[in-house]
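Below is one structure; the comments refer to it alone.
The values are calculated or read from the model by the stated rules, or taken from the named source; none is laboratory data. Because the structure is predicted, anything quoted here is derived from the model rather than measured. Don't worry about glycine lacking a Cβ; one is built from the backbone with ideal geometry, like all the others, and counts go over all protein chains shown. For accessibility, only protein heavy atoms count, side chains too; no ligands or nucleic acids. Shrake-Rupley method; radii C 1.70, N 1.55, O 1.52, S 1.80 Å.
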Amino acid sequence: MSHSLYVHIPFCEHICHYCDFNKVFIENQPVDAYIDALIEEMKQARARRRDGLVKTIYVGGGTPTALTAIQLERLFSAIESLFDLSALEEWTVEVNPDSADEDKLGVMKRYGVNRLSIGAQTFNQKLLADIGRTHSPEGVEQAVRKARSLGFTNLSIDLMLGLPNQSVADFERSVDRALSLDVEHISAYALKIEKQTVFYNRYKKGQLHLPPEDDDVAMYELLKKKTAAAGLDQYEISNFGKPGYESKHNLVYWRNEPYAGFGAGASGYENQVRYQNINPVAKYIEAVWATGEPRLRTHVVSRAECLEEAVFLGLRIRSGINKADFFARYGLDVESLFAKEIAEGKRKRLLEENDHVIRLTENGLLLGNEAFALFVAVLEDSELQGDH
């Protein structure tokens, strides 16, 4: 049974040039009808659950703060009434700096939201404009001040590295400015050029000037050094937090644990089934009222896939895969199961191990995808019969 919820808000007040998440420009969209459908999807799911106990909630997008304070209140009130939040540990909402006013933040605080993820991306005004963001560096600082004044004590800032025309010095200044705000957590992701984005079209035309790979590496190494000096531990490839402020919800993903997903395009993983909801807002709304389960696709995760996912997701966490925990959960010895792959990872200096854990090396942190690829589609379910 999942004790974690992901809720997707697909609306944005503007579309960033790098983003390929399921999102739509909010103007002329049926926002209230979407919230009605979202609440109905949650009602139907709750009716099928054995219990409604929830430990983590993540409201993402899109831009959740594109909703009005009244719309946010209606959504949060429904979550509060449908699910048992008595054991809630973390409730995160993604916040856009220029739409995080005090009314919206106040609604979040009243309903128990205790963690904000603030999308800064960079503190360079020109780069912000170049990537399609509408906020200013000062807007990020104002959002942090507003959140602090309302009593929020768990704030995360998102940064990006490897942006077009971004220099190592630019990135260093952004890291320094983020750290000067004394937030509890920083996430920093390298730009990926995804299809169906403005950047992809520019890239295909040769109009996107990306930093050289050596600069990307230098930015990442600088990030690790500066966050460590500021007391933020690297607990995952791209995530750094003060002790006790790791993202509990994201750890659910990396530990390959179940979670429910609600909303247009949302994904979930429950009862060994991965699913994705219908993407277009109007079709999602229609499907909710027709079936209560607006699925685009479902996939039953085989035993072999589950074990592979447990390894390559677990390796994202800096502490690595605990051998005893793996055996306790799956009844199998990870060293024996993946002996060849682990040996190859060690030969390539991507993996290291001791008596207790297998984890990425410093080199493996830079080449994570190469390390993860070692464990994809290497097992057959026929090899695992009798090991349930």
Counted charge near PHE152, where neighbours are those whose Cβ lies closer than 11 Å (Asp, Glu -1; Lys, Arg +1): +4
- prompt: What is the gain in length, in nm to one decimal, between ALA339 and ASP325 on full extension, counting 0.36 nm per residue of separation less the C-alpha to C-alpha distance?
  reply: 3.3 nm
query: Per residue, how much accessible area does the chain show when a 1.4 Å probe rolls over the protein heavy atoms, in square angstrom?
result: 45
field: Simple spin-label estimate for ASP32 and ASP214 in nanometres, 7 Å along Cα-Cβ
entry: 5.9
field: Amide proton proximity set for VAL7, modelled H, under 5 Å, gap of 5+
entry: TYR58, VAL59, GLY60, PHE262
query: How large is ³J(HN,Hα) for each residue in the range 157-172, as worked out from phi by the Karplus curve 6.51 cos²θ - 1.76 cosθ + 1.60 (θ = phi - 60°), to whole Hz, x for Gly and Pro?
result: 10, 8, 10, 10, 10, x, 6, x, 6, 7, 9, 4, 5, 4, 5, 4
- request: Please say if the range 199-355 is rounded, prolate or oblate, where rounded means a/c under 1.5 for a ≥ b ≥ c the square roots of the C-alpha gyration tensor eigenvalues, and otherwise the choice is prolate for a/b larger than b/c and oblate otherwise?
  value: oblate
- prompt: For the chain, which whole percent of the accessible surface, found with a 1.4 angstrom probe, sits on carbon and sulfur atoms?
  reply: 49
message: Explain nothing, just the number: relative contact order of the chain, from Cα pairs under 8 Å at least 6 residues apart, as a whole percent.
response: 16
message: Please compute the modelled spin-label separation between THR68 and SER149, points set 7 Å along Cα→Cβ, answer in nm with one decimal.
response: 2.3
- prompt: If each of SER86 and LEU296 carries a label point 7 Å out from its Cα toward its Cβ, how far apart are those two points in nm?
  reply: 3.8
query: So which GluC sites (Glu not before Pro) in the range 260-341 are both in a DSSP loop and have at most 15 other Cβ atoms within 10 Å of their Cβ?
result: none
Computed magnitude of the charge dipole of the chain (debye, nearest 20; Cβ of K, R +1, Cβ of D, E -1): 340
- prompt: Quick one: length gained pulling ASP103 to ARG50 fully straight, 0.36 nm per residue minus the C-alpha distance?
  reply: 15.6 nm
